[in-house]
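Inspection log for the structure reproduced underneath, given as structure tokens.
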Amino acid sequence: MLNNNLYTLVILLFIGCHSKAQKPIVTNEFAIQKTKDEWKTKLTDQEYYILREAGTERAFSGEYNKFYKKGTYSCKACNTPLFKSDHKFDSGTGWPSFDTNIKGNIGYSTDNNLRQTRSEIHCNTCGGHLGHVFNDGPKETTGKRYCVNSLSLTFKTK
Ligand SMILES: [Zn+2]
């Protein structure tokens, strides 16, 4: 009986701790792993805030918001190709928006920030946070809107 109660208490403590904490990006499952200091030397403060702390840049502030050159968008942190310019559309939201991605290179998780459940998207190679995916994209293609921070991306022309 005592053992059972103790067991229950341990479980409750475990659940209690984890439900309060903001869900961190799990980093040990990615091919590229760096320490906080290593990322800080590679990324600017703003890039670190977005990619490693799941921040969001101000709407309409990003360099790729109104940007329609032909080419490929890759992860700013590790150069993995993520989106093609053919996937991009003007959503009017103030962030670069894509209706699909380069298959296999993006991972998904759920976050409950802002008191709503959203699908978080990140680079599958380094775990860098990219933005979120919503279901209000163009109906004539995928219906998806990948809403991405410009600061998470780097662009190369074809
Ligand atoms: Zn990456």
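Quick rundown of the values:
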{"quantity": "Residue selected from the range 133-151 under the condition buried (at least 20 other Cβ atoms within 10 Å of the Cβ) and not hydrophobic (A, V, I, L, M, F, W, C), by the criterion nearest to the ligand (Cβ to nearest atom)", "calculated": "N149"}
{"quantity": "Subset of the range 76-95 (residues that are within 16 Å of the ligand (Cβ to nearest atom) and either over 17 Å from the mean Cα position of the chain (by Cα) or open to solvent by less than 40 Å² (accessible area, probe 1.4 Å) (or both))", "calculated": "A77, C78, T80, L82, F83"}
{"quantity": "Residue among T117, T110 that alone is among the β-branched types (V, I, T), open to solvent by 60 Å² or more (accessible area, probe 1.4 Å) and touching a residue at least 60 places away in the same chain (Cβ under 8 Å)", "calculated": "T110"}
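Let's see how each residue does on (1) over 15 Å from C147 (Cα atoms); (2) of a type in the set (F, W, Y); (3) at pLDDT 75 or above; (4) more than 16 Å from the ligand (Cβ to nearest atom):
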| site | (1), (2), (3), (4) |
| --- | --- |
| V26 | yes, no, no, no |
| Q46 | yes, no, yes, yes |
| L51 | no, no, yes, no |
| N65 | no, no, yes, yes |
| S74 | no, no, yes, no |
| I102 | no, no, yes, no |
| N112 | yes, no, no, yes |
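The values are calculated or read from the model by the stated rules, or taken from the named source; none is laboratory data. The shown structure was predicted, so the numbers you read here are calculated from the model rather than taken from an experiment. FYI the Cβ positions are ideal-geometry reconstructions off the backbone, even for glycines, and counts take in every protein chain you see. What goes into the accessible areas is simple: the full protein's heavy atoms, side chains included, and nothing from ligands, DNA or RNA. Shrake-Rupley method; radii C 1.70, N 1.55, O 1.52, S 1.80 Å.
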